[in-house]
1. Looking at the square roots a ≥ b ≥ c of the eigenvalues of the Cα gyration tensor of region B:84-141, which shape do they give, rounded for a/c under 1.5, prolate if a/b is larger than b/c, or oblate?
2. Taking the Cα atoms only, what angle lies between the long axis of helix A:5-26 and the longest principal axis of chain A, rounded to 10 degrees?
3. Exactly which chymotrypsin sites (Phe, Trp or Tyr not before Pro) in region B:154-259 are in a DSSP loop and have at most 16 other Cβ atoms within 10 Å?
4. What is the order of B:Ser170, A:Ser99, A:Ser78, fewest Cβ neighbours within 10 Å to most?
5. Show me the GluC sites (Glu not before Pro) within region B:125-205 that DSSP assigns to loop and that have at most 13 other Cβ atoms within 10 Å of their Cβ.
6. On a 0 to 90 degree scale, rounded to 10, what angle separates helix A:47-58 from the longest Cα axis of chain A?
7. Quick one: what do you get for region B:193-246 if you divide its Cα Rg by 2.2 N^0.38 Å?
8. So which trypsin sites (Lys or Arg not before Pro) in region B:43-77 end up in coil per DSSP with only 15 or fewer other C-beta atoms within 10 Å?
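Read-outs: derived from the displayed coordinates by stated rules, not from any lab. Predicted model only: the values in this text are computed from it and were never measured. FYI the Cβ positions are ideal-geometry reconstructions off the backbone, even for glycines, and counts take in every protein chain you see.
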Amino acid sequence: MKYWQPMHELAICQALIAQVAAVARSEHASSVTDVYVSVGPLSGVECPLVRSAFPFAAAGTVAGEATLHLRQTPVRVSCEDCGAETEVAANRLICGRCSNWRTQLISGDELLLQRVVMRSGRPRRNNDV
Amino acid sequence: MCESCGCNLTHGNEHLVAADGHLARTSSGTESIEVLKGLLDANDHQARHNREHFNQHRVFAVNLMSSPGAGKTSLLEATIDALAGDLNMAVIEGDLETENDAMRIRDKGIAAIQISTGSACHLDAHMVHSALHELTLDELDVLFIENVGNLVCPASFDLGQHRNVTLLSSPEGDDKPAKYPVMFRAADLLLITKSDLMEVLGDFDPERAGAYLRRLANPAPVLVLSARSGFGMQAWLDWIREEINLHRRRLPQEKTDRHIGSRTV
Ligand SMILES: Nc1nc2c(ncn2[C@@H]2O[C@H](COP(=O)(O)OP(=O)(O)OP(=O)(O)O)[C@@H](O)[C@H]2O)c(=O)[nH]1
Ligand SMILES: [Mg+2]
Ligand SMILES: [Zn+2]
Ligand SMILES: [Zn+2]
């Protein structure tokens, strides 16, 4: 179903832009220059597709000129048996030390808006809408 | 509420939160603000609201996910045939373009609400919420939500369901859990469907599918069945009845949330 995915990432980018716009509004920013997002491999979201969907979602908004910075978080599990915390592959969530499959995911499914960098709106107040 | 409760943070990802305050001014005259908000918060919030609806009406809600054609609607038809005298059921259908699946359910005398997702690849909590208002929840024991046939997107969107059932039809191959970890990690029950075709296929091994599921740290039970022949249906029907009972027992304690990894949904 690969060809459906861009839709899905577009929906996620629209949610992202809505959050970015809310932050920009509350800070009275005139424009957003950078958006930092953390994406885990187990979030179900593909970074290249987010990157390609972002400009479509951002167009015409306060983040229209913004650069998107995606940061992949590692997949880490904590073992319920030996307590080890290990970095693992997304489809192999077993303990890296003792191979027990009863583990808890402690990182790798994030989908977080982390940071927004923006220009203050005050110097351009006259032009603002 | 959800923006500030930090429910996405575990000690494994808390380092993502910068230690030095929320707002920083840079030399170029820009401002940088730390947000840390889940991109799916709006959906998750709506999903919690849906779950409250279900709980108020003592409805047990099941989200069925699979690749296209794995047998979701056929399983529902067979389930309705088996349980109709016993339980009050309704179905929300996430068919992409047609009313076909909803019509198949209505033919059985069961309420089916069609969500026309158009070109969407998954259901979200808002779509399910608008469908809920077309249903009389009071009379229901169980609500089945047939998600859009897709092994990728639906797993990311909580709908407010109490349990996820993921179908894997034997012709798809037993290694699908390794190829689609996000989907199979979310399963509370794995149903291997179209078991009648295994003989023809020759190489589908349910044990192997189960082993791949365990590698995702998922303890979900694995059942093998065929909606066509009826093989294995009893265990699935028993699972539904047992889960309805468990759900009703959990209701007074308000412990019906689902926990997946570092995310509470
Ligand atoms: N042999 C066999 N065929 C089945 C079985 N269950 C379903 N099928 C067939 O598989 C095809 C797809 O079944 P559906 O029930 O429509 O599958 P679905 O998952 O609802 O499909 P979408 O909603 O389009 O994603 C149909 O031709 C069914 O007759 C089964 O147990 N055995
Ligand atoms: Mg169907
Ligand atoms: Zn999707
Ligand atoms: Zn271990």
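1. Verdict is oblate for region B:84-141.
2. 60
3. Numbers: sites: B:Phe157, B:Phe184, B:Phe204, B:Tyr212, B:Phe231, B:Trp236, B:Trp239; in loops: B:Phe157, B:Phe204, B:Phe231.
Those that pass, being in a loop and sparsely packed, are B:Phe231.
4. Arranged by neighbour count, lowest to highest, B:Ser170, A:Ser99, A:Ser78 become A:Ser99, A:Ser78, B:Ser170.
5. Counting only loop positions with at most 13 other Cβ atoms within 10 Å, the GluC sites (Glu not before Pro) in region B:125-205 are B:Glu134.
6. 20
7. Values: Rg = 12.9 Å, N = 54, 2.2 N^0.38 = 10.0 Å.
Computed over Cα atoms of region B:193-246, the ratio equals 1.29.
8. Those satisfying the criteria are B:Arg58.
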